[in-house]
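Only one structure is covered here, and it is reproduced in the block below.
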Amino acid sequence: MTSLLIEDLPAIVREDVEDFLEAHPRSPAAWLRPRMGMVGDTWLAFIGRKLRPGASGLGPTPCDALEDFNRHFMEPLISRNGSEPD
């Protein structure tokens with residue numbers, strides 16, 4: 001898998017991603033600007049050197065991957081704290 005910074009994505013993809021981040025300015029994805037990659041037909045949004053729970057998102061489009069990233073961000077920390085995620 002090749003991963004790219006958002007700034008290095010092809011222009012058409014980057015525009016969609018930037019629009020998503022502008023529409024969700026307080027989201028984890030907007031703050032952290034995760035790297036983007038693709039495996040088969042699945043887009044990945046992740047921080048760190050490898051995919052791991054709470055720091056990655058998957059989806060059929062880049063924006064779906066970012067939405068999944070936002071939804072699951074820090075989920076392992078919440079569950080380790082004894083709280084149930086929403």
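No value in this document is a laboratory result; all are computed from the given coordinates. Source: prediction; values computed, not measured. Here the Cβ is made from the backbone with ideal geometry for all residues, glycine too, and neighbour counts use every protein chain on show.
Quick notes on this one:
- By average C-beta atoms within 10 angstrom, highest first, the peptides 26-34, 62-70: 62-70, 26-34
- Potential extension, D64-L4 segment - 0.36 nm per residue separation minus Cα distance: 19.9 nm
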